[in-house]
Amino acid sequence: MKRILLPIEETERSLKAVHYIKKHYTPEDADIVLLMADEKLGFGAKTEAEVAATEAINEKLAVVAESLEGYKVKTMAETGKAGVRITRAAKETGADLVVMTKSSKEDMLNSIGSTTEYVINNCPCDVVIVSEVVSDANSYRGLIYRTASSVVNLRGQLGDKQSECLLPSVNQDCIYHIEVTVGKIRFFHTAYNPDTRNWDLPPMDGQDAILDIAAGESRDILVKADSTDGKADRIRIVNRDMKKEAVFNYKITAAK
């Protein structure tokens, strides 16, 4: 039986490693060590804030562990640089394999992040990098809305429903009126990159690229008409919570 170390973060891309494990290993094949590291916290004596943050990490790890029903799972809440903690945990737990994604950052689909690079170069065991290749750069696997207004329900990222969606892109300056009634969402505004053939560039100057909106909040977001090679900017909404749903309504109106 293999012992697999699974470093995760609270991102959809990170959780792809969980789905990889469930697809390629049965509970009889492997036991799992789930690790989450908070790089904002130090290595020394813990303050009250750091203790609270560690407890929050443990709660998130427990949610992911629930999704690995049937597997023997150990959880590790760590602080400090993620790469260092992952390689140290691999040694301490006697891991046979580390499974992780290239990077958790939204704009690094085609690159290996610094944490992953560190683990590859320093880990005492084999490292599997979960593929994130998209067969068609113009395809999208989430929900797509084409109306000027709607109410949207996004499931948590460990659910079997979609946790993100695209809102309509328009060919004139407009205002996206967004109100969140349940949970929390993240608004992404990206421009098309002809070099990578993906939407991974920031929008024109003066526009919000990323916004977090929580329940009870509403935002009026200016989006200027822009396109590259005929590809309009992309407006994507993500529920980054692992388990809880997010509900919001949107309305698109012309900017004055």
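The values are calculated or read from the model by the stated rules, or taken from the named source; none is laboratory data. If you're wondering where the values come from, they're calculated on a predicted model, not measured in any experiment. All Cβ positions, glycine included, derive from the backbone under ideal geometry; neighbour counts span all protein chains shown.
List of remarks:
- Qualifying residue in the stretch 160-180 (condition: in contact with a helix residue (DSSP H, G or I) (Cβ under 7 Å, 6 or more places away or on another chain) and part of a loop (DSSP other than H, G, I, E, B)): yes
- Residue count, the stretch 213-247 (criterion: within 16 Å of Asn153 (Cα to Cα) and within 19 Å of the chain's Cα centre (by Cα)): 14
- Scan of the stretch 36-86 for residues that are farther than 26 Å from Gly156 by Cα and modelled with pLDDT of 80 or more, ordered by number: Gly80, Lys81, Gly83, Val84, Arg85
- Enumeration of residues in the stretch 220-256 that are part of a strand (DSSP E or B), surrounded by 17 or more Cβ atoms within 10 Å (Cβ to Cβ) and not aliphatic (A, V, I, L, M): Lys231, Arg234, Arg236, Phe248, Tyr250
- Count of the stretch 189-214 residues which are part of a loop (DSSP other than H, G, I, E, B) and more than 14 Å from Ile237 (Cα to Cα): 10
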